Structures are given as structure tokens and as C-alpha cells.
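This report concerns only the one structure given below.
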Amino acid sequence: MNRGTGRRRGVSPIIATILLVAIAIVLAAVLYVLVADEAKAPSSVPLGTELAAGPSHAVIVGTSSTSSYCAAKHYCYGVPIDEAGGGLTLASFHLVVATATGAPHIVTMNSAQISITTLAGGVLASSSVKKDVALEVTTWTTFAKGVSGATPLTDSNEIWIQFGDTKTSPYGQGYSLEIIGTGSYSGTVVVTLP
């Protein structure tokens, strides 16, 4: 009988130790999962849920809008921002003008430019694009006073594409403006140029 009792006493500490180790492993795994979820980078937001733009409108060669974003002899398109989420800034996206085949448009004339303006016509940011280079903006080269890449984009802004002194009208018709999310924004909003 003593032997039987001794065996029962010998088994209990082993089972208790195994149970304690198992509980410690489970708790460590749960803690790891919780910490790993918190440490993950925030997921990207689809740009299309935060930005609505267009339809675009054309400014015919020979008319004058304003020389700062559409010179009188140049062919330009304006793309109004209809809706912009609170987190969108001027640095939240890249802009690419694509041909009807989807390839980036290569500038053929001097004075090509893409600008962000206010509805009153003030230029917030712009980038000139040289001849023989794709008509795109990945970073703004010029900002208005008090404006930076951190400036919020609003529904009172407009994107202007100036193709340059093309002497051809309509120039760029059937092309599209691709607004490509960057940073915490992903995806693309596409606006067709009329």
C-alpha cells in the first residue's frame, strides 16, 4: 500500500509541472499574438474611398485662364476634386498622364506642367515637366507661401494639366489622369480627359 500511495504522490508533481509549462506556453503565445498585432504597420487605405475627382474639362488653345497654370496658347485640362478625405495631403498621391494605350504621355513641347489650384485660381503647388520626359508628378517642385506636402487636399481644389504650346487642338483628348495613392493610401483614381 505504501508503494501505491508513493506512486500517486510521484505522479502529481510531474503532471502539475507539465500543466504549468503548458499554461506558460499558451500565455506566452497569446501575449506574442497581441503584441505582434499592435506592432504591425497600419494597413493602407484605398485612395478611391477618400478621393473623388472629375469630370475633367478642357481649356481650348487661344483662350486664357491664368498664365500661372494654363497659358493662353497652351492646351489644358482641369480636373476638379469633388471629394477629399480628411487625411489626404498634397503628398498623398502621385499624378501620371497616360495615353489611350495606358502608357505615360511623353512631353513633346516645352512648358508642360501639372498644378494644384484653388477654385479662386490660386496655385498651391506645381511641377514643370521637361520635354521628352513623362508627364507626371511624384514630388511637387514649387509650393505657394505657407503650403507644403502636408497641406490637406480639399474639395475646393482642382488639378490642372498643361500640355504646353502644342498648337494642336484638342491635344490629349482621350488621355487619362491617373491619381496614384502613396504612403498610407493605395490604389488609383482614373479621370478621362474629354
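Where a number appears in this text, it was derived from the coordinates with a stated rule and is not lab data. Just so we're clear, the structure is a prediction, and the values are computed from it rather than from any experiment. Every residue, glycine among them, receives a Cβ derived from its backbone with ideal geometry; neighbour counts consider all protein chains shown.
Summary table below
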| item | result |
| --- | --- |
| Where only alpha carbons of the range 81-182 are counted, the Rg and the Dmax (Å) | 13.5, 40 |
| Rh (Kirkwood; distinct C-alpha pairs) - the chain, Å | 19.9 Å |
| Order of VAL45, VAL107 under a 10 Å beta carbon neighbour criterion, fewest first | VAL45, VAL107 |
| Positive dipole terminus of the range 45-192, leading residue within SER92, VAL129, ALA103 (C-beta point charges) | VAL129 |
| Three principal axis lengths of the range 92-150 [C-alpha, angstrom, descending] | 37, 24, 20 |
| Two-site FRET efficiency, LEU119 against SER186, from Cβ-Cβ distance with R₀ of 35 Å, rounded to 0.05 | 0.80 |
| Within the chain: Cβ-based charge dipole about Cα centre, in debye rounded to nearest 20 (Lys, Arg +1; Asp, Glu -1) | 1180 debye |
| Nonlocal amide H pairs with TYR185, under 5 Å, H built at 1.01 Å | VAL45 |
| Helix-only mean residue ellipticity at 222 nm for the chain, each DSSP H run of n ≥ 4 adding -39500 (n - 2.57), per residue, nearest 500 | -7500 deg cm²/dmol |
| When the range 123-194 is reduced to its Cα atoms, the Kirkwood hydrodynamic radius in Å | 14.3 Å |
| Amide H partners (placed H, <5 Å) of LYS73, local residues excluded | GLY62 |
| Net charge of Cβ neighbours under 11 Å - reference VAL191; Lys, Arg +1; Asp, Glu -1 | -2 |
